[in-house]
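Notes follow once the structure below has been shown.
Taken together, the values in this text are just the output of simple stated rules run on the coordinates, not laboratory data. Please read all numbers here as calculations on a predicted model, not as lab measurements. When we count neighbours, we look across all protein chains shown, and the Cβ atoms used for this are built from the backbone with ideal geometry, even at glycine.
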Amino acid sequence: MREELMVEALCWETQSKVHVFYAAENRRLSYFCPDEHCLTRVYPKTIINTYFYAESGHKTGCLNEAGSHHSDPAQTGRPRPKPSALPPPPIPNWLGMPPRPQRRMPPSEEQLIALARTAKTAPPLYPATMSQIVDAWLMIPDTERKTHALGINTRQLNYQSAFTYIRYLQNDITTLDCDNHIIYGDATVSRGKKYYFVSSIKRFSFQNTNLPLRFDLPIEHPFARKMADYIGRQVLLFWRGPVPAINAKKTAYQMFQPDDTGLSGLIMRPSP
């Protein structure tokens, strides 16, 4: 019997176990209890917290069967059971929304049992934004990053292989694979008359010189208020998107923030 809210379920369309945060954004998909002795249909529901619930209840003995939260009138004076707690969210394992296979026919019980056994030891699918992925990477110890899966585009990577430290790369800008990976490196922040400049310490060759990656942020931009705290300090720069191209003045390889920064663009964090 569960002591915490149910936040993981099988998803037939993705052929995997998923977190309820994913299900809440994809309510048309089919979700089932992951206990192979139950496999009842479940749905995402939000009442303060978001969790999975079974309209008709779980089968007796199911690991996800919740205890009653109502006091028994015949047992006056006994403490009321505490509501189920919300377990901590898992480490995100997919950047953005993953592709899902299209399955039109409802699954048979045998197919669900097979899926439950396959997904039993796998972490639940938990998509996240680039900012959330970067924050998770910073929290995971270096020695453990390889053990945590992370999907980008169609690639199955991990928190070690998905991030590329540019310091040790060649000076050839074309070696950057910043669409299928998140590149990162040390950078400095300076201020001009109209812009803040975020410049990588790593330089890349251009003709007879070496130039940094650079991001220019107008001083009047709402985000610029945070930049003043970083002036003169070393920061970590994270980038995913097109390979930066040489700017018009040929002074840097320029990065441009996309309109939608959920899955790509520049993320900056203080150096550890």
The answer for the longest stretch of the chain without any exposed GluC sites (Glu not before Pro) (DSSP loop, at most 11 further Cβ atoms within 10 Å) is 56-219
Calc'd 3J(HN,Hα), segment 161-173, phi into Karplus 6.51 cos²θ - 1.76 cosθ + 1.60 (θ = phi - 60°), Hz, glycine/Pro = x, comes to 6, 7, 10, 10, 7, 6, 4, 9, 7, 5, 7, 7, 4
Nonlocal Lys pairs with alpha-carbon distance under 26 Å, the chain (8 or more apart, or different chains):
22
Footprinting exposure proxy for Thr50, Thr164, Thr154 (fewest neighbouring C-beta atoms within 10 Å first):
Thr154, Thr50, Thr164
Between segment 209-242 and segment 1-72, the alpha-carbon center distance in angstrom
43
Name the residues whose placed amide hydrogens come within less than 5 Å of the amide hydrogen of Leu157, ignoring near sequence neighbours (fewer than 5 apart) on the same chain.
Leu150, Gly151, Ile152
Crossing angle, helix 130-139 versus the chain [Cα axis fit, 0-90 degrees, rounded to tens]:
90
Compute the angle between helix 109-119 and the longest alpha-carbon principal axis of the chain, please, reported from 0 to 90 degrees and rounded to the nearest 10.
40
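Could you tell me the relative contact order of segment 130-270? Use alpha-carbon pairs under 8 Å, at least six residues apart, and round to a whole percent.
Details: 249 pairs, mean separation 30.3, N = 141.
Worked out over segment 130-270, it gives 22 percent.
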Apply the Karplus curve 6.51 cos²θ - 1.76 cosθ + 1.60, θ = phi - 60°, to the phi angles in segment 180-195 and return the couplings in whole Hz, x for Gly and Pro.
8, 9, 9, 8, 8, x, 6, 8, 10, 10, 9, 10, x, 5, 10, 9
Given segment 130-270, what whole percent of its Cα pairs are spread farther than 23 Å?
34
Counting only residues 5 or more places away or on other chains, whose amide H sits under 5 Å from the amide H of Lys202 once H atoms are built in the peptide plane?
Asp186
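What is the dipole size for the chain, taken about its Cα centre, with +1 at each Lys and Arg Cβ and -1 at each Asp and Glu Cβ, in debye to the nearest 20?
Values: 32 positive and 24 negative charges, 158 e Å.
Dipole about the Cα centre, nearest 20: 760 debye.
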Expected sort for Leu211, Leu86, Leu29 with the fewest Cβ neighbours (10 Å cutoff) up front is Leu86, Leu29, Leu211
Using only alpha carbon pairs under 8 Å that are at least six residues apart, calculate the relative contact order of the chain and give it in whole percent.
14
